[in-house]
Amino acid sequence: MPLLLSRDDVTQILQMPDCMDVVEKAFAELANGTAVLPLRIPITPPDGLALYMPAYLKEMGALACKVVSVYKDNPTKHKLPTTIGTVLLQNAETGQVICIMDGGYLTAVRTGAVSGVATKYMAREDDGQVAGIFGAGVQAKMQLWAVAVARKLSKAMVYDISSEAADRFVAEMSAKLGMEVVKVGSAEELLVADIICTATSSPTPLFDGKKVREGTHINGIGSHTPNARELDTTIVKRSRFVADSTEACLKEAGDLMIPIEEGALDESHIYADLGEIVLGTKPGRTGDDEITLFKSNGLAIQDTATAKLVYDRACESGIGTDVDL
Ligand SMILES: NC(=O)c1ccc[n+]([C@@H]2O[C@H](COP(=O)([O-])OP(=O)(O)OC[C@H]3O[C@@H](n4cnc5c(N)ncnc54)[C@H](O)[C@@H]3O)[C@@H](O)[C@H]2O)c1
């Protein structure tokens, strides 16, 4: 009998440190060759986009598929959100679907978690660093949570073109993390940060890459289509570039594909995939003055590992509703 988990159930169960642990293990499996990760499958009905994201993690015994849809007219036409995600988790030994869970909050936490893992391995190690978050939406909040797990921060700053969204971010995140969080009035002011996360809906670069300080670590998570980018060519060129997956970056990441099209760099600019850094095959950072950049497109291994974690915890705590199909 499958277990049904609502968004509230998932929110109650899922914590960032646990999610970072399983996401790190998933990237190790990807690098070790024990993960199966087809590229996501897109289907475009007339009114929107549906994406199918399956993955299998052998060591973890996790098998799942996330269905995500992006229908721009949903809020006005149907009073539904633009983006809806649902995860089907299967028993890896029998193939039986054992859990159906809401994928909205799970997606935000697993997207934060991969940046947390990248920050753990790639940012400078000193305590008291400042985080700078571009964007104040759902993803941005989880980025700050994850970075605050990876490093002892002294302060966080946020910049959003919507001043109201930034105000909400400050109120919510300072209360959640018990730390100083301030809003800044321009993109440039954020560039004094030691750890920068870009988590906006912008299709064009957010800042001038010449102005980023040496030693900065950047997690770029917002744009993930070939024609959109949050990062300019200069900052990509100046950085040691780590991909969540080289294959995904070369098919989906405008941040990298546009500089390649311009002839500013080529595929050899990708220094490593995150899994290689996690396994220690290559160091995440080789000096305190280096600029490091992690590019996340979002992989189904993150959803699968996180869904298994949520399901196991739900079973332990008796959360959710059994449904007879
Ligand atoms: N890499 C991944 O795995 C992954 C996963 C989920 C979502 N995303 C992407 O992350 C992005 C953010 O998603 P979200 O759900 O938080 O969206 P959201 O709409 O909740 O928030 C986006 C925020 O970006 C702000 N913004 C837009 N342009 C800006 C600019 N130039 N400077 C500063 N702020 C700006 C908006 O005002 C808004 O507050 C989207 O592009 C989404 O597709 C990536």
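Out of LEU89, LEU37, which single residue is surrounded by 19 or more Cβ atoms within 10 Å (Cβ to Cβ), over 18 Å from VAL310 (Cβ atoms) and in contact with a helix residue (DSSP H, G or I) (Cβ under 7 Å, 6 or more places away or on another chain)? Give the derivation first.
On the way: LEU89 fails: over 18 Å from VAL310 (Cβ atoms).
Just a single option satisfies the conditions, and that option is LEU37.
Here is a yes/no grid of residues against (1) in a loop (DSSP other than H, G, I, E, B); (2) within 11 Å of the ligand (Cβ to nearest atom); (3) free of Cβ contacts under 8 Å to residues at least 12 places away in the same chain:
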site: GLU59; (1), (2), (3): yes, no, no
site: THR86; (1), (2), (3): no, no, no
site: GLY112; (1), (2), (3): no, yes, no
site: ARG124; (1), (2), (3): yes, no, no
site: MET142; (1), (2), (3): no, yes, no
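Scanning the stretch 191-211 for residues that are more than 24 Å from ASP126 (Cβ to Cβ) and assigned to a helix (DSSP H, G or I) turns up just one, LYS210. For LEU80, indicate whether it is in contact with a helix residue (DSSP H, G or I) (Cβ under 6 Å, 6 or more places away or on another chain), of a type outside the set (Gly, Ala, Ser) and without any contact (Cβ under 8 Å) to a residue 40 or more places away in the chain. When the stated conditions are applied, LEU80 passes them. If the condition is being within 16 Å of the ligand (Cβ to nearest atom) and either under 15 Å from GLY48 (Cα atoms) or of a type in the set (S, T, N, Q) (or both), then the stretch 88-102 contributes no residue at all. The set of residues in the stretch 39-57 that are touching a residue at least 24 places away in the same chain (Cβ under 8 Å) and in a loop (DSSP other than H, G, I, E, B) comprises LEU39, ARG40, ASP47, GLY48. Taking the conditions (1) surrounded by fewer than 17 Cβ atoms within 10 Å (Cβ to Cβ); (2) closer than 25 Å to TYR52 by Cα in turn, SER186 satisfies each one other than (2). Of all residues in the stretch 269-279, those that are closer than 17 Å to THR34 by Cα and outside any strand (DSSP E or B) total 6.
If you go through the stretch 158-189 one residue at a time, how many are among the aromatic types (Phe, Trp, Tyr) and either part of a strand (DSSP E or B) or more than 10 Å from the ligand (Cβ to nearest atom) (or both)? Talk me through it step by step, then tell me what you get.
Here is the first cut: in the stretch 158-189, the ones among the aromatic types (Phe, Trp, Tyr) are 159, 169.
Cutting the leftovers down to either part of a strand (DSSP E or B) or more than 10 Å from the ligand (Cβ to nearest atom) (or both) gives us 159.
Qualifying residue count, the stretch 158-189: 1.
Scanning the stretch 190-225 for residues that are of a type in the set (Ser, Thr, Tyr) and either away from the ligand (no atom under 11 Å from the Cβ) or under 19 Å from GLY128 (Cα atoms) (or both) yields a single hit, THR216.
Scan ALA248, ALA305 and give me the residue that is touching a residue at least 60 places away in the same chain (Cβ under 8 Å), assigned to a helix (DSSP H, G or I) and touching a strand residue (DSSP E or B) at 6+ places or on another chain (Cβ under 7 Å).
Details: ALA248 fails: touching a strand residue (DSSP E or B) at 6+ places or on another chain (Cβ under 7 Å).
Only one candidate passes the filter, namely ALA305.
Residues that are under 13 Å from ILE195 (Cα atoms) and of a type in the set (S, T, N, Q) were ranked within the stretch 120-161; the one that is nearest to the chain's Cα centre (by Cα) is GLN143.
Readers should treat all values here as calculations from the given coordinates under stated rules, not as data from a laboratory. The model shown is predicted, which means the values in this text are computed figures rather than measured ones. For neighbour counting, all protein chains shown are included, and Cβ atoms are generated from backbone atoms with ideal geometry for every residue, glycine included.
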